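As structure tokens, the structure follows; a few thoughts come after it.
The values are calculated or read from the model by the stated rules, or taken from the named source; none is laboratory data. The structure presented is a predicted model; accordingly, all values stated were derived computationally and were not measured. Note that each Cβ is placed from the backbone with ideal geometry, even for glycine, and that neighbours are counted across all protein chains shown. Keep in mind that these areas ignore ligands, DNA and RNA; they rest on the heavy atoms of the full protein, side chains included. Shrake-Rupley method; radii C 1.70, N 1.55, O 1.52, S 1.80 Å.
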Amino acid sequence: MHAMNYQRINQILDDHGRNPLRLVQILIGIQAECGGIPASVRDYISKALAVPLAQVHGVVAFYHFLSPEIQGQYRIYVADNIIDRMHGNQEVMATLLQELQAERGKPRADGQVFIDYTSCTGLCDQGPALLINSRALTHVTPDRAKEIAERINAGEPLNNWPSHWFQVEESPRVAGPVLASQFEPGRGLQAALEMGPAQYLKEVERAGLRGRGGAGFRTAIKWRVSRDAPGKTHYVICNADEGEPGTFKDRALLTRDADAMFEGMTLAGLVIGAEKGFLYLRGEYTYLYSQLVATLARRRAEHLLGKNILGREFNFDVEIHLGAGAYVAGEESALIESLEGKCAVPRPRPPFTATHGYLGQPTVCNNVETFVKTALIAQNGADWFLECGTRYSPGSKLLSVSGDVARPGIYEYPFGTSVQTVLEACGARETQAVQIGGPSGTCITPNEFDRAICYEDLSTGGSFMVFNRSRDMLSVVQNFIHFFADESCGFCTPCRVGTQLMRRAIDKIVAGKAGARELKEIEHAAKCTRAMSHCGLGQTATKPFLDTLDRLRPQYEARLSNLDFVPNFDLDQSLSKTRALSQRDDPHAHLPQTGEACDARI
Amino acid sequence: MQESEFSFELDGTDLPFEPGQSIMEAATQAGVYIPHLCHHPDLRRNGSCKLCTVKVNGRFGSACALPAQAGCTVESNTSELQEMRRQIVQMLFVEGNHYCPFCEKSGNCQLQVVAYHVGMVDMHFPPFNTARQLDASHREMLLDRDRCIQCARCVRASQDLDKKNIFGLAGRGMNIRLVVNSDSGLLGDTDFSSADHAAQVCPTGALIRKDQAYPCPIGSRLYDTPISQHTIRQDARHD
Ligand SMILES: Cc1cc2nc3c(=O)[nH]c(=O)nc-3n(C[C@H](O)[C@H](O)[C@H](O)COP(=O)(O)O)c2cc1C
Ligand code: SF4
Ligand code: FES
């Protein structure tokens, strides 16, 4: 039915220099062009690049936005973070499925439409959001969903759709020193070149800048270790994977401050002696790709990038790599695996990225916001940076505020600002809980709202999700646990199996079918997953559960079945296949509910 | 107490090590058993099963992947760790479909013996009952994915020792599966041989000879004596 266009596939291969390191990029290109990567194409790519078929197959199976079957001309992903849910994404999904006559997660019979959920797309301030062929649509109501379906059913290309449907707003609510700064492309670079890389590194050190991706590692130390590490070539990576649900501040920076980010990367190159940088842009932000490429081109024309930057003996350039839907790819060693054309599986550590990163060479990997700040420190000086913040967390932080608030969006505050201050500014009312730092962060309740946002108290990569008293916090936890179970890379046992056990347990608890003993047991397993997992994903995956168990235990207890034991299988449910086969659904084809059965036994 | 330049403390005893050795390697050399499954002395490090998790200066880490460091304190045989290891083994059991009572590998299976070692008496968690594909296409060897624990031993052995690159792991999360590098995806369509290193290293009965059935009587199987009574050298040889 679908004749594959091998001419186009060859073109894509050529565009990437038939370089096996670009396997992920090539497959993303083919997915966009052909709507899927069937077996024959995987075979072809494996031979053309001389990569094992298992690797091609593995990569296609690993990333959410690559598919081993043809999904069709319209590929729709509805964002399914808890915030999108609160905005009514399920009605949007139902409308789309109905109007498109499609089944979720399966290509439509005519092979034209595919629709599924995906995790947070970084648009929680403008949800419900969805992606169609990598383009973002915001504020999607069920009515809009109907209109979308009409256009799809009429086969209308996306370019003819009203452009305001694709509007992504970027207007910060509260601007601090960073968002209010006037950045002049090249000025920071000029200043750093004049003072020399060693002196500039001292300036970054004096500023006490810590990584804004969440972990808060000191940037200057990372740069120094990498600079001093032996290696043929050094590399700089900007982490724009922004996968933590509820985070969208990098989206804003990529849109309005890409110049500063690229300048920050260039400065890192200057300090560590790298000539090459990568921007790893999450697949969900593909719509920003062309404007980022344009910014790079402009910077080259202005001699801020490329050969002999600002007339000096300094070369540096940046290549953009796209992600393809994998939260774990935000972990820096997994990100590097992806840059090398492989599945994003975190590497064992040590060795660390700073000494053994891309192609085993010394590599600096920093978050978008971190690079923007290094550029501003070069331009405005460390003193400017030190004007706000706390002793251990100098400077400010961009927060992505969403959920039950009157004014969602980007807020920039000095470190040390209390949660209460942010809640008041964004117009939150009757707040029951705030999830700080995303599902892998911390869930706090009102008696902790005076706690401060900073590395020494509540550390965050920027996600700030607010829940009012009408929300069922257990379904919030359920959403987060499903997220981790879907995103576990599968490499290590405790995360791969532990997150699945958690998923089963929370579903059972929410359904009111779990007993007190099970709650205790799953707490046990959660602690094992936390202690033994290979990377940060598994180590934090059980936090939403353990945090809320600590703070909201009564909500769990209210859901528990009063039975000591409820079997894991539902006898009646397991007969459903037989009922379908025998085409019966009358009362006699059903067994008593498990609860009744158990009661009888007791 | 006399401390040599290269030594660390494992469960209260000083162990010497050679620079570059992992904690696992140093322990094995000294005759101390740390439970493990994906680790194999002839293969490159992997660190995926997490059974070998120890506490190094109070922090969790994999003994097979962490380099031994002079002066560090390592805890391994503690009730906290053994209990978590038991959960890891139970997780492996419920994730796959393991039928020890009639498995040909019973008694010679590392998954089984390690389960006994950590005191596992039941599966504890609800089984996943996942459908997994059996591959009987090869003349000499059977690949039964039901029993595979995704340790990648065969993957590494085939890549690094046999230079054939016959296996790979593909998929994400729960859907990760052992795949075969051939157009059909079948083992029979590769040049795999029962003489390959990759054919010897499977810790379970996932990759098993077809023509042997139950090769030795109960009582004389490799693990009919508990692992703690094994000399570690013997264990390492069979690893
Ligand atoms: C599962 C996981 C996901 C991550 N995702 C991101 C991400 O999306 N963006 C990011 O900047 N850092 C992410 N990180 C942290 C990175 O590994 C790394 O610490 C960070 O990019 C370093 O940059 P920084 O020092 O500037 O913060 C993630 C870590 C883990 C364990
Ligand atoms: S077949 Fe055996 S050796 Fe290969 S990954 Fe599975 S369990 Fe490991
Ligand atoms: S033996 Fe160390 S992780 Fe498997």
Discussion item. What's the total number of residues in the range A:498-557 that are within 9 Å of chain B (Cβ to nearest Cβ), charged (D, E, K, R) and in contact with a Pro (Cβ under 8 Å, 6 or more places away or on another chain)?
Written reply: 1
Item to complete: Go through the range A:378-393 and count every residue that is open to solvent by less than 10 Å² (accessible area, probe 1.4 Å) and farther than 23 Å from A:THR266 by Cβ.
Response: 1
Worksheet item: If you take the residues in the range B:111-131 that are away from every other protein chain (no Cβ under 14 Å) and in contact (Cβ under 8 Å) with a residue 12 or more places away in the chain, which one is nearest to ligand 2 (Cβ to nearest atom)?
Response: B:GLN112
Item to complete: Hey, could you check the range A:329-377 for residues that are open to solvent by less than 20 Å² (accessible area, probe 1.4 Å), within 20 Å of A:LEU23 (Cβ to Cβ) and small (Gly, Ala, Ser) and say which is farthest from ligand 1 (Cβ to nearest atom)?
Response: A:GLY341
Item to complete: Give the range A:332-367 a look and list any residue that's assigned to a loop (DSSP other than H, G, I, E, B), more than 14 Å from every other protein chain (Cβ to nearest Cβ) and touching a Gly at 6+ places or on another chain (Cβ under 8 Å), or say none.
Response: A:GLN361, A:PRO362
Discussion item. Take the conditions within 10 Å of chain A (Cβ to nearest Cβ), surrounded by fewer than 16 Cβ atoms within 10 Å (Cβ to Cβ) and more than 16 Å from ligand 2 (Cβ to nearest atom) and apply them to B:GLU83. Does it pass?
Written reply: yes
Response to the item:
Note: among B:PHE102, B:PHE93, B:PHE6, just one is more than 16 Å from ligand 2 (Cβ to nearest atom) and surrounded by 14 or more Cβ atoms within 10 Å (Cβ to Cβ), namely B:PHE6
Worksheet item: When residues of the range B:184-222 are filtered for being in contact with a Leu (Cβ under 7 Å, 6 or more places away or on another chain) and more than 12 Å from ligand 2 (Cβ to nearest atom), how many remain?
Response: 1
Item to complete: From the list A:PRO142, A:PRO230, A:PRO172, A:PRO245, pick out the single residue that is more than 16 Å from ligand 3 (Cβ to nearest atom) and at pLDDT below 95.
Response: A:PRO172
Practice prompt. Please work out if A:PHE248 is among the hydrophobic types (A, V, I, L, M, F, W, C), more than 14 Å from ligand 1 (Cβ to nearest atom) and closer than 22 Å to A:LEU376 by Cα.
Written response: no
Worksheet entry | Within the range B:25-124, strands (runs of 3 or more DSSP E) holding 3 or more residues that are more than 16 Å from ligand 1 (Cβ to nearest atom) | B:53-56, B:73-75
Worksheet item: Which of the residues spanning the range B:26-62 are among the small types (Gly, Ala, Ser) and either within 13 Å of the chain's Cα centre (by Cα) or open to solvent by 10 Å² or more (accessible area, probe 1.4 Å) (or both)?
Response: B:ALA30, B:GLY31, B:GLY47, B:SER48, B:GLY58, B:GLY61, B:SER62
Worksheet item: Looking at this structure, is A:GLY111 within 30 Å of A:ALA406 (Cα to Cα), outside any helix (DSSP H, G or I) and touching a residue at least 60 places away in the same chain (Cβ under 8 Å)?
Response: no
Item to complete: Give A:ARG496, A:ARG530 a once-over and let me know the one that is surrounded by 24 or more Cβ atoms within 10 Å (Cβ to Cβ), among the charged types (D, E, K, R) and either at pLDDT 95 or above or closer than 30 Å to B:SER76 by Cβ (or both).
Response: A:ARG496
Worksheet item: Taking into account only those residues within the range B:28-53 that are at the interface with another protein chain (Cβ under 10 Å from one of its Cβ atoms) and without any contact (Cβ under 8 Å) to a residue 24 or more places away in the chain, which is farthest from ligand 3 (Cβ to nearest atom)?
Response: B:ARG45
Item to complete: Return yes when B:GLU25 is away from ligand 3 (no atom under 12 Å from the Cβ) and of a type outside the set (Gly, Ala, Ser) and no when it is not.
Response: no
